[in-house]
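The values are calculated or read from the model by the stated rules, or taken from the named source; none is laboratory data. Treat the numbers as computed from the prediction; the structure is a model and nothing was measured. Cβ: placed from backbone, ideal geometry, glycine included. Neighbour counts: every protein chain shown. Surface areas here come from the heavy atoms of the whole protein model, side chains and all, with no ligands, DNA or RNA. Shrake-Rupley method; radii C 1.70, N 1.55, O 1.52, S 1.80 Å.
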Amino acid sequence: MNGILASLTIVAATLGAAPDAPNWHSDYGQALESAKAAQQPLLLVLENPKEAQSRVEQATFTNDPLQAELLGPYQLCRVDVTTPYGSKVAEVFGVTQFPQTVITDKSASKIIFRKAGRFTSSEWTSTLISHKDGQPSWTSYIGNSSGTSSGYTSSRSRGTICFT
């Protein structure tokens, strides 16, 4: 019995402590202020948690090590749009389709990514990696293969980039 307990103690020490679950704000105003103070991009998810098609499944509250690493550079906020407060936040963003995911720059003053709809696992991972520094990625400027808009469009005929 003592040998098993000693082995478990050694394994636990070797693996280290499990990462903390991501700290998701539910209040957009608090999350925005935290992002500004920390100079981190804000990852905002507007969703209806009661409907699977209106949620971002990858935005979890669990202590998955990969998710913790991907979400670490961001201030996190999930807003339930079925509440009066969440409905007002969605209205301010002009959102009518859920889920809606928004990422700001490090000053939390400009939207650098916006997507309506769900993510595949690879899209979620790619999006978080691409915007972790609070800078728009090149694909943010020209859209993406799924046809969603990030708030930027390009005019290929003149090679210019227009902000919409």
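By a straight-distance test (C-alpha under 17 Å), which lysines pair with K132 as possible cross-link partners, with residues fewer than eight away in the same chain excluded? In chain and number order, the partners are K36, K106, K110, K115. Restricting the chymotrypsin sites (Phe, Trp or Tyr not before Pro) of region 48-89 to loop positions (DSSP other than H, G, I, E, B) with no more than 12 neighbouring Cβ atoms within 10 Å leaves F61.
Aspartates and glutamates within cross-link reach of K50: Cα-Cα under 13 Å, excluding same-chain residues under 8 positions apart? In chain and number order, the partners are D80. Shape of region 30-128 from its Cα gyration tensor (a ≥ b ≥ c, root eigenvalues): rounded if a/c is under 1.5, otherwise prolate when a/b > b/c, or oblate? Here region 30-128 falls in the oblate category.
S130 contributes an accessible area of around 50 Å² to the protein surface, as traced by a 1.4 Å probe with all chains present.
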